[in-house]
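Quick notes on the structure that follows.
The values are calculated or read from the model by the stated rules, or taken from the named source; none is laboratory data. Predicted model only: the values in this text are computed from it and were never measured. Using ideal geometry, Cβ is built from the backbone for each residue, glycine included, and neighbour counts are taken over all protein chains shown. With ligands, DNA and RNA removed, areas are computed over all heavy atoms of the protein, side chains included. Shrake-Rupley method; radii C 1.70, N 1.55, O 1.52, S 1.80 Å.
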Amino acid sequence: MYPTVLITFEINENCKVSHPKLQETMSFTVTIDGSGHQFDIEENETVLDAALRQNVGLPYGCRNGRCGACAAGLLSGEVNYHGAPPALEEVGAGKCLPCQGFAASDLVISVREVETPEEIEVKLLPVRVHAVDHLTHDVVRLKLKLPENQRLQYRAGQYLDFLLADGRRRAFSIANAPFDDEFIELHIRHVDGGKFTDWVFNQMKERSILRIQAPLGTFVLEEDSERPMIFMGGGTGFAPLKGQIEQAFRAQMTQPIHLYWGVRAQRDLYLPELPEQWAREHANFTFVPVLSEPDADWHGRSGFVHEAVLADFPDLSGFELYMAGPPPMVKAGREACLAAGMPEAHMHFDSFDYADDSGANAGA
């Protein structure tokens with residue numbers, strides 16, 4: 001059996017550079033001075049990743065230790081790194097970089113918390129198209145890459161605006177959860193005659209450069225709720241719900257989570273294997289696809305998606321509801337769910353309006 005070796009390089013009296021994987025496996029608690037908020041850190045988890053997993057809003061920028069935007073005062077405890085982050089010396093003595101730092105003890109840090117979507121900095125950023133995947137006849141998945149020294153801080157369910165050369169904006173929901181932010185994922189549905197979606201489907205190439213403003217919107221996952229959750233989506237309304245559900249799994253939310261996804265026909269379920277995989281991996285998750293114009297060989301649920309929800313849960317007074325999709329779906333679902341006892345305070349929705357000359361979803 002090999003002896004345990006700990007290699008440590010002193011940076012200052014509180015911050016050290018070392019290799020956390022060589023240390024004994026332990027868990028620690030981080031306390032934020034002022035608010036008193038606390039969160040735990042698991043093995044080989046950075047301070048920032050642990051905070052985001054538990055819905056504690058620490059600021060961050062690049063997430064690679066270069067920009068220093070996440071710098072926090074280290075009032076007590078010890079933070080280790082895989083190697084000295086470039087911005088560590090710049091932020092000065094008595095500071096740590098949560099995006100790259102691993103706790104080697106319980107910590108007390110001083111940092112400005114981001115507690116609501118409105119407090120997250122909205123940025124204008126260039127993005128490069130990393131991948132264009134045609135998922136179905138009318139839906140593409142875009143993966144966008146930010147500059148190397150940038151990452152986007154956002155809450156699950158928010159959206160971005162594309163800033164076009166003529167001054168127009170086109171809005172699309174961010175489909176990946178905040179913890180999985182190497183790329184920005186969008187699901188874009190083609191609309192006949194829509195200039196922007198025509199360009200996306202027929203002309204957009206990998207490595208194209210675009211400008212975005214993000215994050216935007218207040219349709220976000222409430223991770224402190226313990227109520228059973230219903231996610232109801234229509235078409236590409238699956239996009240923000242996907243990010244929210246993935247974030248719920250990451251946050252280890254244990255209450256029942258139900259996804260109802262309404263589309264016209266079976267071919268419109270553009271990523272059906274993903275929620276099916278979630279159902280296999282998470283005992284508290286169920287997936288119900290609903291077709292409004294079902295195929296002849298369809299043996300699942302049919303009709304309007306909100307009717308399927310109410311057939312299964314006629315009393316919604318104890319639930320948290322998240323809806324995203326076309327305005328008629330959201331309007332009908334909202335009215336029906338309120339009538340079924342859903343408290344308005346626990347109803348969250350994102351209605352995908354359409355731009356007149358492009359067909360791009362607002363918040364879609």
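Observations, loosely collected:
- Output for the range 310-326, where each listed residue is under 17 Å from I230 (Cβ atoms) and either in a helix (DSSP H, G or I) or open to solvent by 40 Å² or more (accessible area, probe 1.4 Å) (or both): L310, A311, D312, F313, P314, D315, S317
- Search result, residues across the range 45-59 that are part of a loop (DSSP other than H, G, I, E, B) and in contact with a helix residue (DSSP H, G or I) (Cβ under 6 Å, 6 or more places away or on another chain): L58
- Hits in the range 250-288 (condition: among the small types (G, A, S) and assigned to a strand (DSSP E or B)): G262
- Scanning the range 241-278 for residues that are open to solvent by less than 60 Å² (accessible area, probe 1.4 Å) and either on the phi > 0 side of the Ramachandran plot or of a type in the set (D, E) (or both) returns E246, D268.
- Number of positions in the range 7-42 that are in a loop (DSSP other than H, G, I, E, B), on the phi < 0 side of the Ramachandran plot and either open to solvent by less than 80 Å² (accessible area, probe 1.4 Å) or modelled with pLDDT of 80 or more (or both): 10
- A count restricted to the range 330-364 and to residues that are in a loop (DSSP other than H, G, I, E, B) and modelled with pLDDT of 90 or more stands at 4.
So that you can scan it fast, the table gives a plain yes or no per residue for (1) more than 28 Å from the chain's Cα centre (by Cα); (2) modelled with pLDDT under 95; (3) surrounded by fewer than 17 Cβ atoms within 10 Å (Cβ to Cβ); (4) under 24 Å from T218 (Cα atoms):
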{"residue": "S292", "(1), (2), (3), (4)": "yes, no, yes, no"}
{"residue": "S302", "(1), (2), (3), (4)": "yes, no, yes, no"}
{"residue": "A308", "(1), (2), (3), (4)": "no, no, no, no"}
{"residue": "P328", "(1), (2), (3), (4)": "no, yes, yes, yes"}
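- The residues in the range 81-107 that are of a type in the set (A, V, I, L, M) and within 27 Å of the chain's Cα centre (by Cα) can be counted, and the count is 4.
- Applying the set (1) in contact with a Leu (Cβ under 8 Å, 6 or more places away or on another chain); (2) surrounded by fewer than 24 Cβ atoms within 10 Å (Cβ to Cβ) to D198 leaves exactly one unmet item: (1).
- The single residue among L274, L291, L259 that is more than 23 Å from E185 (Cα to Cα) and either out of contact with any strand residue (DSSP E or B) (no Cβ under 7 Å at 6 or more places or on another chain) or touching a residue at least 12 places away in the same chain (Cβ under 8 Å) (or both) turns out to be L291.
- Contact map, the range 162-179: residues that are free of Cβ contacts under 8 Å to residues at least 24 places away in the same chain and closer than 11 Å to P240 by Cα paired with residues that are assigned to a loop (DSSP other than H, G, I, E, B) and open to solvent by 30 Å² or more (accessible area, probe 1.4 Å), Cβ distance under 6 Å, separation 6+ or inter-chain. No pairs are found.
- Taken over the range 172-193, residues that are buried (at least 22 other Cβ atoms within 10 Å of the Cβ) and more than 25 Å from G65 (Cβ to Cβ) amount to 7.
- You will find that of A248, A265, the residue that is modelled with pLDDT of 95 or more, under 22 Å from S317 (Cβ atoms) and of a type outside the set (V, I, T) is A248 and no other.
- Candidate set from the range 201-226 (those that are of a type in the set (V, I, T), in contact with a Pro (Cβ under 7 Å, 6 or more places away or on another chain) and modelled with pLDDT of 90 or more); member that is least open to solvent (accessible area, probe 1.4 Å): V220
- Flag for Y154 being touching a Leu at 6+ places or on another chain (Cβ under 7 Å), on the phi < 0 side of the Ramachandran plot and among the hydroxyl-bearing types (S, T, Y): no
- Residue in the range 218-234 that is small (G, A, S), touching a residue at least 40 places away in the same chain (Cβ under 8 Å) and under 17 Å from P326 (Cβ atoms) present: yes
- Residues in the range 259-297 that are touching a Ser or Thr at 6+ places or on another chain (Cβ under 9 Å) and among the polar types (S, T, N, Q): N284, S292.
- Any hit, the range 60-76, residues being open to solvent by 10 Å² or more (accessible area, probe 1.4 Å), in a loop (DSSP other than H, G, I, E, B), touching a Lys or Arg at 6+ places or on another chain (Cβ under 8 Å) and free of Cβ contacts under 8 Å to residues at least 60 places away in the same chain: yes
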